[in-house]
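Here, each number is a calculation from the coordinates, and none is a lab measurement. Keep in mind it's a predicted model, so treat the numbers as computed, not measured. Reconstructed Cβ throughout: ideal geometry from the backbone, glycine too, with neighbour counts over all protein chains shown.
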Amino acid sequence: MSEHLKNIKGPGDLKGMSVPELKALAQEIRERLVDVTSKKGGHLAASLGAVEIAIALHYTLKSPQDKIVWDVGHQSYAHKLLTGREEHFDTLREMGGISGFPKREESEHDIFTSGHASTSISSAIGLAQARDLKGEDHKVVAVIGDASLSAGLAFEGMNHAGHTKTNFAVILNDNEHSISKPVGAMSRCLNQMISNPLYNRVRDEAEKVVKSIPRLGPAAVKKVKKFQEGLKNLIVPGILFEELGFRYFGPIDGHDLEGMISMFGKILPMKEPVLIHVITKKGKGYKFAEEDPTTFHGVDAFDVEEGSQASSKKKSFTEHFSDKMAELGKKNKDIVAVTAAMPGGTGLSEFGRLFPDRTYDVGITEAHAVTFAAGLARGGLKPVVAVYSTFMQRAYDQLIHDVALQKLPVVFCLDRAGLVGKDGPTHHGAFDLSYTRNIPGFTVMAPKDGEELEQMLERSFEWNRPVVIRYPRGEATQLVSASSCAPLEYGKAESLRQGKDFAVIALGCMVNTSLRACDMLSGQGIEGAVINARFVKPLDSVMLEEVFHKHKKVFTIEEGVASGGFGGAVLEFAERENISGVKIRCIGLPDEFIEHGSQEELRRKYHLTPDELAGVIKSELGK
């Protein structure tokens, strides 16, 4: 273990270290991050860039009495190492091990469990107000990236914080990069600030002049302050932060550890809202991450010396979506694509390369993405919004108010639906079936494989209504040949397997799981039917009536929360149609937040693997 890192049991151990020792510690932390993520995967580039920020904050503050709130949290690995978790860091993102994000249950230094962007300022100002009302005296600091600052919630928090004039600090970690290259006016404004770092120096000099003039009257002071304001407007583009009520400092070098410690030591004790603008390099200290921060934002296991990651030879759902979008875009110039800072992750990079004028990356602004797409649809275009299931949660009102209420034909492609694996509870796409199927006018679908996803995407443009297509992370395994599948018809399921003892109505990737489970049971003399539901809304009422007529034992299975999900829709149908004499068992995720772990481990735990499903069915049948 590294010489200095092995002695860090908590942030207090930093206090007695010299600057050269702290610099050596920073290097050791980077080596540790690269070593562990090369085996376990994780968010590497952002954490490499924030090492000195974490050290300087913990050196200057007294955590957990002082509160540090990390936005998103994918840059907090150094924070974890400095707060007593070095010994267990090898378990990063393993089931039962260290989380890849801040987690309240894991450490008293993790003030908020986080994983979504732009929440830190609002939650931190809440902490600061609670402190003030209780008469306590400690510092509250929010650490937020430049990309996260583009979201409306961050501005709402800043607007309130500036109004309160309370003791509160924001560290703006500006690495000029989010998951993909940042976009928008805020990014341009920050870049202009970087190239004009004169304001604080001029302001300090002006204050010195004012203080040196004896018996300066109120009128003169007012004139000097007015001059300062004019100078500020000239030097700092937009003077956005100061107009919001923050005292702005920066930009400063986020890898100059000695300079940051000095700056934090002077600024953080101030009893007013302050914003410290820190410039960092994403991927700092590891060549491959510096050169390609997008690829190394979130990584699977990789070769440290070569910087190469193993890639699957099987086509993923995302790749099927990507290829089909490119194909459809060539055929129809009205098709446009919208994403929220993730063109690569959602599979829109190729569409964007082919049709740059028809591709819109709006930054980390999911709510805006949905309403913007509504405007595109109202203008006669055919928008596709590609967002991860978990992040679409941030735009729920817009789905209802701006799309459904207007009856606008927007296609929502929700990637990473279901269990995403090691990123844990903030990233599992567990809730989309429940929060979309109850919206009037929505059509909700889930493909069993990649080819069915392509069919669904193509047909969606024909229906002239809001459509949701949800699909999981990973390989789009096809167990049933395309020739044996019924063509996609609106609101119609397909029968894939006959069986007399029970029926499974499966959704999405659980179709293949159900086919395998039934093959296992068939070897034991138990025969089950399998229906690929395809549609969550509308349900295939004809299919359901037929299944309930033939079978007294019916199972529904979905990779989402059972509460309010697909199985719930089937139960509601049975109640509405007065179906009797049929026992329906709904299999899905429980009413709780699902921990981190591999997809296979989690599916096994929640009975969503073929053998586990076969066991549940056999038990229910009493065999």
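Short-range pairs are left out: with C-alpha atoms under 8 Å and at least six residues apart, the relative contact order of segment 263-395 is 18 percent. Taking 20 °C and 1.002 mPa s as conditions, the chain diffuses translationally at an estimated 81 µm²/s according to Stokes-Einstein applied to its Kirkwood radius (Cα pairs). In summary, segment 317-470 shows an alpha-carbon radius of gyration equal to 0.93 times the 2.2 N^0.38 Å reference for compact globular proteins. Please say if segment 379-421 is rounded, prolate or oblate, where rounded means a/c under 1.5 for a ≥ b ≥ c the square roots of the C-alpha gyration tensor eigenvalues, and otherwise the choice is prolate for a/b larger than b/c and oblate otherwise? Oblate. One Cα centroid belongs to segment 329-359, the other to segment 544-618; the line between them spans 35 Å.
Phi angles of segment 444-461 translate, via the Karplus equation with coefficients 6.51, -1.76, 1.60 and θ = phi - 60°, into HN-Hα couplings of 10, 10, 9, x, 7, 8, x, 5, 6, 4, 4, 4, 4, 4, 5, 6, 4, 6 Hz per residue; Gly and Pro are given as x. Taking θ as phi - 60° and the Karplus parameters 6.51, -1.76 and 1.60, the scalar couplings of segment 547-562 work out to 5, 5, 6, 8, 10, 9, 10, 10, 10, 10, 9, 8, 9, x, 5, 5 Hz in sequence order, x denoting glycine and proline. By the rule of a C-alpha distance below 13 Å, with chain neighbours fewer than 8 residues away ignored, the aspartates and glutamates paired with LYS382 are ASP334, GLU458, GLU462. Only aspartates and glutamates eight or more places from LYS281 in sequence, or on another chain, were considered; those with a Cα closer than 13 Å are GLU52, ASP146, ASP174, GLU176, ASP253, ASP256, GLU290, GLU291, ASP292. The 3J(HN,Hα) values that the Karplus relation (6.51, -1.76, 1.60; θ = phi - 60°) gives for segment 260-265 are, in residue order, 5, 4, 4, 5, 4, x Hz. Gly and Pro appear as x. Sorted on the mean count of surrounding Cβ atoms within 10 Å across their residues, most packed first, peptides 286-298, 333-345, 69-81 read 69-81, 333-345, 286-298.
Our estimate of slack between GLU136 and GLU272, defined as 0.36 nm per intervening residue step minus the Cα-Cα distance, is 47.4 nm.
Normalising the average separation of contacting C-alpha pairs (under 8 angstrom, six or more residues apart) by the number of residues puts the relative contact order of segment 494-621 at 28 percent. Given axes a ≥ b ≥ c from the Cα gyration tensor, I'd like to know whether segment 334-403 is rounded (a/c under 1.5), prolate (a/b larger than b/c) or oblate. Because a/c hits 1.5 or more and a/b fails to exceed b/c, segment 334-403 counts as oblate. From largest to smallest, the equivalent ellipsoid semi-axes obtained for segment 539-623 from the alpha-carbon gyration tensor read 25, 16, 10 Å. Given R0 = 35 Å, the distance between the Cβ atoms of LYS331 and LEU405 translates into a calculated FRET efficiency of 0.70. Normalised Debye scattering of segment 398-549 at q = 0.09, 0.17 Å⁻¹ gives log10 I(q)/I(0) of -0.30, -1.02, counting only Cα atoms as equal scatterers and leaving out solvent. Note on LYS422: aspartates and glutamates with a C-alpha under 12 Å away, same-chain residues under 8 apart excluded, are GLU94, ASP300, GLU595, GLU600, GLU601. With the cut-off at 1.5 for a/c, could you classify segment 299-339 from its C-alpha gyration tensor as rounded, prolate or oblate? Taking the square roots of the gyration eigenvalues as a ≥ b ≥ c, segment 299-339 is prolate. Each peptide in 122-128, 486-492 receives the mean, over its residues, of other Cβ atoms within 10 Å, and ordering these scores from highest gives 122-128, 486-492.
Distance between the 7 Å Cα→Cβ label points at ALA24 and LYS492: 7.4 nm.
In terms of packing, defined here as the mean over residues of other Cβ atoms within 10 angstrom, the peptides 412-421, 87-96 line up highest first as 412-421, 87-96.
Put simply, the C-alpha atoms of segment 461-610 give a gyration tensor, and the ellipsoid matching it has half-axes of 21, 20, 18 Å, longest first.
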